[in-house]
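Each remark here refers to the structure printed beneath this line.
Bear in mind these aren't lab numbers, they're just calculated from the coordinates by the rules spelled out. Owing to the predicted nature of the structure, the values given are computational and were not obtained by experimental measurement. In this analysis, Cβ positions are derived from the backbone assuming ideal geometry, glycine residues included, and neighbour counts consider all displayed protein chains.
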Amino acid sequence: MAFGKKKRQAGDDASAQAQKQQEAQEVQAAFQKGITALRDFIAPSSLEFSSTHFQLGTRYARTYYVYGYPRQVYTGWLSGMVNLDEVVDISMYVYPVESQVVLENLRKKVTQLEAGIQIDAEKGRVRDPSKQAAILDAEEMRDKLQVGEERFFRFGLYFTIYAGSMDELDFISHKVESMLGQQLVYSKPASSQQEQGFNSTIPQLVDQLQIRRNMSTGALSTSFPFTSADLSQDNGILYGINMHNSGLVIFDRFSLENGNSVVFAKSGAGKSFLVKLETLRSMMFGTDIFIIDPENEYQRMCEAVGGAYVRLSLTSNTRINPFDLPKVVDSEEADNALRSNLITLHGLLRLMMGGAESEIQGGNQFMMPALAPSEEADLDAALIDTYGKAGITNDPLTHTSPPPTINDLYDTLLHMGGTGPQLAQRLRKYTSGTFAGIFSQQSNIDINNPMVVFNLRDLEDELRPVAMYIVLNYIWNKTKTDQKRRILVVDEAWQLMKYEDSANFLFSLAKRARKYNLGITTVTQDVEDFMGSRMGRAIVANASMQFLLKQSPTAVDVLTDVFKLTIEERKRLSQFPVGQGLFFAGQNHVHIQVIASPTETELITTNPEQVQAMNAATETGGELDQPQGTIDLNNRLVPGSTNTV
């Protein structure tokens, strides 16, 4: 019985073992099947080689090798190919060579060259400059190798070009050959060796072409492939990704000739998103931000960082007096403070009293100053007299006195001779009429905050350009008083460009901003109107940084002429997806994709659906009821706090 039991147990064990082996074989077969399926999924459907090219599935390709270099190569000579807007695989093979072997070969080469020169001289032949140059190069290399300053290498450079058709492949090949040929770098297709060339350019470290060139350490270093013409610095803020080579665009706008920039884009292309992202990241690095916001787009971001949100309207308690003088420490600036403000007030009052008359100048419509020379003279005398009555003269010691207001100017004009009474009547709506109060009383804001947003949305259309002018002057005086690094964002700048005086004032700020460590960002969607103005083109010319996002077809022609865009850039300018565009910085420009983190996107998005969803999820607080007197907005940087005036 015991023997039979053991026999049955042995049979059961054998059966279980056979079942396990069968299961293992099934698992192995399934695994092999999975590998085969994955390999088939990655591999192309076919691979066909010919003498001049090869076909990889539905794509056509051609492999080249570089066989000739100029006597001298310069750093970055390969960047044109690296940044080429085509599909190209580039492979480099570097083989170190023992210095002793190279020294011996150079010695023999120098001996041969010198013997050749001597034979030419004995036979009366004309001197060959190339032999003299070769001797000099060889001797210089021998000296550097002997002291260990240089090493010697064998260098192979191959590249494979891909295209969708043979015509496209021939076109790209010609473009690449021409690009290299301009630098005296010569390349050839790997004729009858396309398979070996393809194997040499795919990432498997196999050099089957073995076409190499001698190079020293210095010459080899110039072919470093990551010196592409991207806009990346050691310091600055992240703007986005370079679409040419997937590098990061990290840049400091104040490292250029000036810190000014312009942003052109059609509505919905992402210009506000870009500007908000730049200001938010700049603020993290200690840059103060001023923003003129005509459409209430910056409030959520401002409140999130504890900024000062100044709401200007006829019903608000906020007051800004355009007669305020800057508290300038510099003696030269202090001597000219009154004179400079008088000139600014002339432009402002022409804007306020210009009425609805207009004229066409050079194809552009401007509001007329509507002031005759005699009226200009009377206005100038009235302004000086008004400051004099307040005890303020050209002496900087008098500038601490309370400044006059538009009401004081109105009284001066009303009681003076000449055209004064008529000018007073034209100014009346700002003193006791419809627009009274907001700019006719003493200023009651004292802003000391890293971010200040002036909201002009609730102002009437007629008053908005006047408000932008006054706010710009207020910010300019603040900038001259305390010269910190600042960025001023002027959104919807086309509203200022409609009026000649306000356009001139903005241009004046753009020219002088660098002296006071200020960078002005001009944002507009009406490219034709902005660039059609003489002042608009001048502002662009005084901006070292420009962003061109998606444009309407009519604006593309204008920008192509101004920025000298290539045919490819012109074609893409009207086809960019949201958040992509051209980023110009000095003489360099790249195709950029603006990127933001989820937290940043939540703060700065202007997508109506996203904004509505966030507003519904967030408890809304009422505006602060500010008392009369001075409103002091001092460095309240508590996330989520509301600093609304």
Between Arg570 and Asp137, what is the label-point separation in nm under the 7 Å Cα-to-beta-carbon projection? 4.1
Cα atoms only, the chain: Rg and Dmax in Å? 36.1, 140
On each of the three principal axes the extent of the alpha-carbon atoms of segment 135-191, given in whole Å and largest first, is 53, 19, 18
So the angle from the long Cα axis of helix 271-284 to the longest Cα principal axis of the chain, reported in degrees to the nearest 10, equals 90
How large is the Kirkwood hydrodynamic radius of segment 47-221, counting all unique pairs of alpha carbons, in Å? 18.3
With a Förster distance of 45 angstrom and the Cβ-Cβ distance between Gln233 and Thr400, calculated FRET efficiency to the nearest 0.05 equals 0.55
Helix-only [θ]222 nm of the chain, DSSP H runs n ≥ 4, -39500 (n - 2.57) each, per residue, nearest 500: -13500 deg cm²/dmol
With 0.36 nm assigned to each residue of separation and the Cα-Cα distance removed, Ser191 to Thr52 gains 49.5 nm
Could you give the length gained by full extension between Gln425 and Ser130, i.e. 0.36 nm per residue of separation minus their alpha carbon distance, to one decimal place? 97.5 nm
Linear extension gain, Asp120 paired with Thr434, 0.36 nm per residue minus alpha-carbon span: 103.2 nm
Taking trypsin sites (Lys or Arg not before Pro) in a DSSP loop with at most 14 other Cβ atoms within 10 angstrom as exposed, one finds the longest site-free stretch of the chain at 128-456
Calculate the FRET efficiency for Asn296 and Arg71 from the Cβ-Cβ distance with a Förster distance of 56 Å, rounded to the nearest 0.05. 0.35
Would you calculate the separation in nanometres between label points at Val578 and His415, each defined as 7 Å from the Cα along the Cα-to-beta-carbon direction? 6.0
Can you give the FRET efficiency for Ala16 and Phe285, using 1/(1 + (r/R0)^6), R0 = 60 Å, r = Cβ-Cβ distance, to the nearest 0.05? 0.30
